[in-house]
Amino acid sequence: SGAGASVTLTTPQAVPNTPAAPDISAVTATTAQVMMGTPTTPGLPVTDTGAWIYDAASGGNQVWSDGVTDLATQWGVTGLPRATDLWAEVAAKNDAGWSSRSTRTKFTTLPDLPTQPKNYTLRDITANTAYTTSVFVDDNGGEALTDIRVQWNTAPSEVGATTTTMGSWTDALLEGLVAGETYSYRVAVANRAGWSPWGEWAVFTTNPYVPN
């Protein structure tokens, strides 16, 4: 019988190894730095890398992707939502295809500072005390306000003024006032990012007739 035909077997090329979960740094209210380790591959060279950000630990909505064919291992991400839990993942590609995507790394963007308070008033004004109420801001910085402080003086000046920080989000107390005296006061508010600018000075007069 005749010699058998020769057969050439081709071993399929492998995609790159699955990268480790990325590192996240330099997080602000709307930006972050995503970093992956140097991708490795069992055969064909790496030709592309990618990074993606989602709003969930698995699945979820894609918030950002790098969208560029290159060998970057660091991405400066912009345009992220403020004060939000996010998850980043990375992958590498060669001519055989994409690796599996890495485990996701969680990070949380910061809030912005609140804007200047406005339209605040006082309630329960007596001869010696009063409470702030109805404090509004146009922008809370992306998350709930957590603290309030009030400053008051017999003139609209920080020099010689009394300042009280409440330590939580509540009506602020002005105390130690003099009956029948006219005061200037202003309010600042805070979230996790820090304190807003002071609001504009407002004026009130304590009641000389109502005891505490």
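The values are calculated or read from the model by the stated rules, or taken from the named source; none is laboratory data. Here the structure is a predicted model, which is why all the values come from computation and not from measurement. Every residue, glycine as well, gets a Cβ built from its backbone with ideal geometry; the counts of neighbours run over all protein chains shown. These area figures cover heavy atoms from the full protein model, side chains too; ligands, DNA and RNA do not enter into them. Shrake-Rupley method; radii C 1.70, N 1.55, O 1.52, S 1.80 Å.
Going through (i) 17.2; (ii) 9.7; (iii) 12.0, the figure that equals mean projected area of the Cα convex hull in nm² as computed for the structure here is (i).
When the residues Leu174, Leu71 are ordered by accessible surface, computed with a 1.4 Å probe over the protein chains alone, the sequence from largest down reads Leu71, Leu174.
Glu89 exposes around 10 Å² of accessible area when a 1.4 Å probe is run over every protein chain in place. Tell me the relative contact order for the chain as a rounded percent, counting alpha carbon contacts under 8 Å between residues six or more apart. So the answer I get is 18 percent. Counting heavy atoms of the protein chains alone, Trp152 has an accessible area of about 10 Å² for a 1.4 Å probe. The heavy atoms of Leu110 offer some 70 square angstrom of accessible surface to a 1.4 angstrom probe.
Can you compute the label reach from Val203? Point 7 Å from Cα along the Cβ direction, backbone N cut-off under 11 Å, restricted to segment 151-170. Under 11 Å, as judged by backbone N against the label point of Val203, lie 155-156 of segment 151-170.
Per residue, the chain exposes 53 Å² of solvent-accessible protein surface, assessed with a 1.4 angstrom probe and all protein chains in place. A simple spin-label model places pseudo-atoms 7 Å from Cα toward Cβ; at Trp98 and Gln62 they are separated by 0.7 nm.
Each Lys and Arg adds +1 at its Cβ and each Asp and Glu adds -1 at its Cβ; summed about the Cα centre, the chain shows a dipole of about 280 debye. Distance from the alpha carbon centroid of segment 84-114 to that of segment 149-212 works out to 45 angstrom. If R₀ is 45 angstrom, what is the calculated FRET efficiency for the pair Asp139 and Thr47, using the beta carbon separation as r and rounding to 0.05? Taking R0 as 45 Å, the efficiency between Asp139 and Thr47 is 0.55. Segment Gln74..Lys106, full-extension length gain: 9.9 nm, with 0.36 nm per residue of separation and the alpha-carbon distance subtracted.
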